[in-house]
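The structure appears below as structure tokens.
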Amino acid sequence: MKRLTKTERENGIGYKALLIAKDGRGNVGRVTSPLTLAKWGFDGCTWTLTAHKEPTEDNFAGVYVAFDAKAARQNLGQLCKVVLSGKAIIHETGARGEFARLLEIES
């Protein structure tokens, strides 16, 4: 998976390790965040996750992503590229957002 560009990072795109289960035909059948066991929903087009609470500077809520693939790989699961939306807090090494959408799964 290619390194993130500055524009991608500024737009809340990052890496996340996810548990990916495939069905008998090789299609993604389930996506789960390994640390929280949060199940991602399928909207008919892509996999999405909504944080339990809107992230703010005063809390630790949100869906987390790392800007460095090596940092994301420290967690169990397959490396994926995710985009955050809604309320997002961008940090130097990663971000957390209100909503997340799966963009790419490393093969």
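Readers should treat all values here as calculations from the given coordinates under stated rules, not as data from a laboratory. No experiment lies behind these values; they were computed from the predicted model shown. Because the Cβ atoms are built from the backbone with ideal geometry, glycine has one as well, and the counts that use them run over all protein chains shown.
For region 39-64, a tally of residues being buried (at least 17 other Cβ atoms within 10 Å of the Cβ) and over 12 Å from residue 88 (Cβ atoms) returns 4.
Among residues that are without any contact (Cβ under 8 Å) to a residue 24 or more places away in the chain and either farther than 19 Å from residue 107 by Cα or not acidic (Asp, Glu) (or both), residue 73 is not included. Is there a residue in region 63-83 that is touching a helix residue (DSSP H, G or I) at 6+ places or on another chain (Cβ under 9 Å) and among the charged types (D, E, K, R)? The answer is yes; a qualifying residue exists. Taking the conditions exactly as written (part of a loop (DSSP other than H, G, I, E, B), over 21 Å from residue 21 (Cα atoms) and among the small types (Gly, Ala, Ser)), does residue 95 satisfy them or not? When the stated conditions are applied, residue 95 does not pass them. Quick check on region 77-99. Is at least one of its residues more than 16 Å from residue 13 (Cα to Cα) and either among the basic types (Lys, Arg) or touching a residue at least 12 places away in the same chain (Cβ under 8 Å) (or both)? For region 77-99, residues more than 16 Å from residue 13 (Cα to Cα) and either among the basic types (Lys, Arg) or touching a residue at least 12 places away in the same chain (Cβ under 8 Å) (or both): present. For region 6-35, give me the residue count where each residue is within 19 Å of residue 91 (Cβ to Cβ), of a type in the set (Ser, Thr, Tyr) and out of contact with any Cys (no Cβ under 8 Å at 6 or more places or on another chain). Of the residues in that region, 2 qualify.
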